[in-house]
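Let me begin by presenting the structure, written as structure tokens, before commenting on it.
Bear in mind that the values in this text are calculations on the coordinates, not laboratory data. Just so it is clear, the structure is predicted and the values come from calculations on it, not from any experiment. Cβ: placed from backbone, ideal geometry, glycine included. Neighbour counts: every protein chain shown.
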Amino acid sequence: MPRRQLPPGPHPVAPSPNFLHQPRLGGFHHEVGFRIDPDHSGHGVVTILGKVEPRHLNINGVVHGGVYATILDTAMGGAVFSTLHEGETTATTSLYLEFLRAAREGETLIARGKVLRRGRHIAFAEGDLFGRDGRQFSQARGTWYIWSPES
């Protein structure tokens with residue numbers, strides 16, 4: 001019996017080249033309600049911030065872990081994206097988070113992602129999530145695959 005040919009996996013779509021200066025991120029990021037801080041972002045570093053609202057809370061009344069994961073993934077992925085060359089795109093391949101303390105409604109969360117190493121097809125990044133007062137809520141590490149125009 002011949003093997004069925006599977007379609008190639010989807011490649012991510014490259015965001016706008018000026019994504020660091022957009023007031024709001026699109027898609028799922030827009031729904032979460034956090035934004036890029038262009039004054040604290042640049043090549044290899046991206047900062048995301050936002051205020052915790054009731055929609056970010058879990059049944060225990062603290063920020064849901066998925067919110068931590070989302071904004072840290074966005075900050076670290078944005079940092080990787082800021083290093084891409086023309087025609088390249090990227091997507092998260094692994095994400096590891098440690099939850100250090102719970103954030104509550106009304107707090108401003110600040111996620112800072114930084115590229116540790118960027119190779120031809122793989123990038124490594126780390127991220128930290130803090131409150132305005134400097135308390136650390138979470139830390140993360142991850143890897144991103146990079147598609148080049150010829151891959």
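Of note:
- Förster radius 22 Å - calculated FRET efficiency between residue 135 and residue 114 (Cβ-Cβ, nearest 0.05): 0.70
- Each Cα pair under 8 Å and six or more residues apart adds its sequence gap; the mean of these over the residue count of the range 86-129 is a relative contact order of 28 percent.
- With the charge dipole of the range 30-147 set up from +1 on Lys and Arg Cβ and -1 on Asp and Glu Cβ about the Cα centre, the Cα lying farthest toward the positive end among the listed residues 125, 36, 91 is that of 125.
- Computed over the Cα atoms of the range 30-147, pair by distinct pair, the Kirkwood hydrodynamic radius stands at 14.2 angstrom.
- In order along the range 88-102, the phi-based Karplus estimate (6.51 cos²θ - 1.76 cosθ + 1.60, θ = phi - 60°) of 3J(HN,Hα) comes to 7, 9, 8, 8, 5, 10, 8, 8, 10, 10, 10, 8, 8, 7, 8 Hz; Gly and Pro are listed as x.
- Inter-site label distance for residue 51 and residue 100 at 7 Å from Cα along Cβ, in nm: 2.5 nm
- For a label point 7 Å along the Cα-to-beta-carbon line of residue 150, residues of the range 86-113 with backbone N under 17 Å: 86-89
- Normalised contact order of the range 30-147, rounded percent, pairs of Cα under 8 Å and 6 or more residues apart: 28 percent
- FRET efficiency, 1/(1 + (r/R0)^6) with R0 41 Å, evaluated for residue 86 and residue 60 via beta carbons: 0.35
- Note, ³J(HN,Hα) from phi for the range 59-70, Karplus 6.51, -1.76, 1.60, rounded to Hz, x at Gly and Pro: 5, 8, x, 10, 4, 5, x, x, 5, 4, 4, 4
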